[in-house]
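Please treat every number below as a calculation from the coordinates, not as lab data. What you are looking at is a predicted structure, and each value in this text was computed from that prediction instead of being measured. Cβ coordinates were reconstructed from backbone atoms using ideal geometry, including for glycine residues, and neighbour counts include every protein chain displayed.
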């Protein structure tokens, strides 16, 4: 049972209304929280400890998103409930929050599990706020040596009814958050492997059932395992809301790329970048650092710079630099190389350079 009580009467609590919910700060207690429109807490700070709640029901600590135990998560829920019940402000979202029990949070966890046959493993850092929609699960390649997400997961496309059911379940999970979400991200590893007809169907259903979004729709794309598309096909996808492709390039050196489980032939990647850009889609490229052995790093950098320069990326496009992780451990050399790549890339491309550590990703509520 959660106990009532709190630090004070709530007279020092400041409230700021958000598009989906509100943010509260209790100056006297050094406590703050962000609530969604349904009154569920999304983040909670108490003193020096900052917690965030994830869609899968877990709770993580600090900027590095360190998962806490179930026992600790329950304690955080109790601490939050004790504090929110001390707040005397009259506000409908606060009133909802004060009426909730831990069972409501457990219900949200179950709704998430029902909506997502495959958990949300990874998103690009600038799309963390997106609503994830899964027209397919798994990866059609599954050969990448560095992959920690999809090796044991066969690629499976949802049939039309299953996709409609998935959208309905997503609506139940997010509720009011749908209206506040900046965009949609199509999962899991490569929605571009869908046929043109199926992908258009999915985009139409998203608009019909969820509406349109400011940042529109983005997805991961593997050029070597994607459906062939004409220039007209790309134009249709753009008209249906597809806006951004994130391509796992990993390296611009074909020889190294082949060792990583990708195709050593970069022609399909170059073609996809060009065709998507012609249809006014923007491109994101992921590059791994720390993937080449020491005596081949300069060669990898040289080939990668040449490849990226040839893509002619605009300032609206993005390169994500991700240090290679071995079972969660990142070598210092990979971090140092990330800095070298960032400095060198700025000389050959106008694209934004974004450092990125995939192992820190959590799908936050």
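Could you work out Rg/(2.2 N^0.38 Å) for segment 60-125, with Rg from alpha carbons only?
Numbers: Rg = 14.8 Å, N = 66, 2.2 N^0.38 = 10.8 Å.
Computed over Cα atoms of segment 60-125, the ratio equals 1.37.
Would any residue of segment 269-311 have its amide N under 11 Å from a label point 7 Å out along Cα→Cβ of residue 239? List them or say none. Under cut-off, by backbone N: nothing.
Gain in length, residue 340 to residue 152, computed as 0.36 nm per residue apart minus the alpha-carbon separation, to one decimal in nm? Before the final figure, lay out each step's value.
Numbers: separation 188, 0.36 × 188 = 67.68 nm, distance 3.35 nm.
Difference between extended and current length: 64.3 nm.
Computed from Cα atoms, the angle from the helix 160-174 axis to the main principal axis of the chain rounds to 40 degrees.
Projected label points at residue 89 and residue 106, each 7 Å from Cα along the beta carbon direction, are separated by 3.0 nanometres.
When N is the residue count of segment 298-357, what does its C-alpha Rg come to as a fraction of 2.2 N^0.38 Å? Numbers along the way, then the final one.
On the way: Rg = 11.9 Å, N = 60, 2.2 N^0.38 = 10.4 Å.
In units of the globular-protein estimate, segment 298-357 measures up at 1.15.
Only Cα pairs under 8 Å and 6+ residues apart enter the sum, and on that basis the relative contact order of segment 1-133 stands at 24 percent.
Arrange the peptides 290-298, 67-75 so that the one whose residues have, on average, the most other Cβ atoms within 10 Å appears first. Please report the intermediate quantities before stating the final value.
Numbers: 290-298: 15.1, 67-75: 13.3.
Averaged packing, sorted descending, gives the order 290-298, 67-75.
Across all directions, the shadow cast by the convex hull of segment 128-186 built on its C-alpha atoms averages 4.9 square nanometres. For the chain, the alpha-carbon coordinates run over 65, 47, 36 Å along the three principal axes, in decreasing order.
Projected onto their three principal axes, the Cα atoms of segment 219-295 cover extents of 46, 18, 16 Å, largest first.
With axes computed from alpha carbons, what is the tilt in degrees of helix 297-311 against the longest principal axis of the chain, rounded to the nearest 10 within 0 to 90? Orientation of helix 297-311: about 90 degrees from the principal axis. Can you give the FRET efficiency for residue 209 and residue 352, using 1/(1 + (r/R0)^6), R0 = 41 Å, r = Cβ-Cβ distance, to the nearest 0.05? For R0 = 41 Å, the calculated efficiency reads 0.80. Segment 118-183 and segment 192-248 have Cα centres spaced 14 Å apart.
Based on C-alpha pairs under 8 angstrom that are at least 6 apart in sequence, the chain has a relative contact order of 14 percent. A viscosity of 1.306 mPa s and a temperature of 10 °C, combined with the Kirkwood radius over C-alpha pairs in the Stokes-Einstein formula, give segment 13-108 a diffusion coefficient of 119 µm²/s.
Eigenvalues of the alpha-carbon gyration tensor of segment 117-228, scaled by 5 and square-rooted, set the equivalent ellipsoid semi-axes at 22, 16, 13 angstrom, largest first. Decide, for segment 282-327, between rounded, prolate and oblate: order the square roots of the alpha carbon gyration tensor eigenvalues as a ≥ b ≥ c, take rounded if a/c falls under 1.5, and otherwise choose prolate if a/b is larger than b/c, else oblate. Because a/c hits 1.5 or more and a/b fails to exceed b/c, segment 282-327 counts as oblate. Measuring r between the beta carbons of residue 278 and residue 195 and using R0 = 25 Å, the FRET efficiency lands at 0.75.
Of all the options 263, 226, 88, the one that moves most in a Gaussian network model of the chain with Cα springs shorter than 10 angstrom is 88. Axis of helix 70-84 versus longest Cα principal axis of the chain: the two differ by about 50°, to the nearest ten degrees. The distance between label points at residue 327 and residue 265 comes to 3.6 nm (points 7 Å beyond Cα on the Cα→Cβ vector). Using Cα springs under 10 Å in a Gaussian network model of the chain, which residue among 30, 244, 81 shows the largest mean-square fluctuation? Checking each option, the largest mean-square fluctuation is seen for 30.
Extension gain for residue 118 to residue 227 (0.36 nm times residue separation, less C-alpha to C-alpha distance): 37.0 nm. Taken along the Cα-to-beta-carbon direction at a fixed 7 Å, the label points for residue 143 and residue 98 span 6.1 nm. Each helix, a run of at least 4 DSSP H residues, gives -39500 (n - 2.57); summed and divided by the residues of the chain, these come to -10500 deg cm²/dmol at 222 nm.
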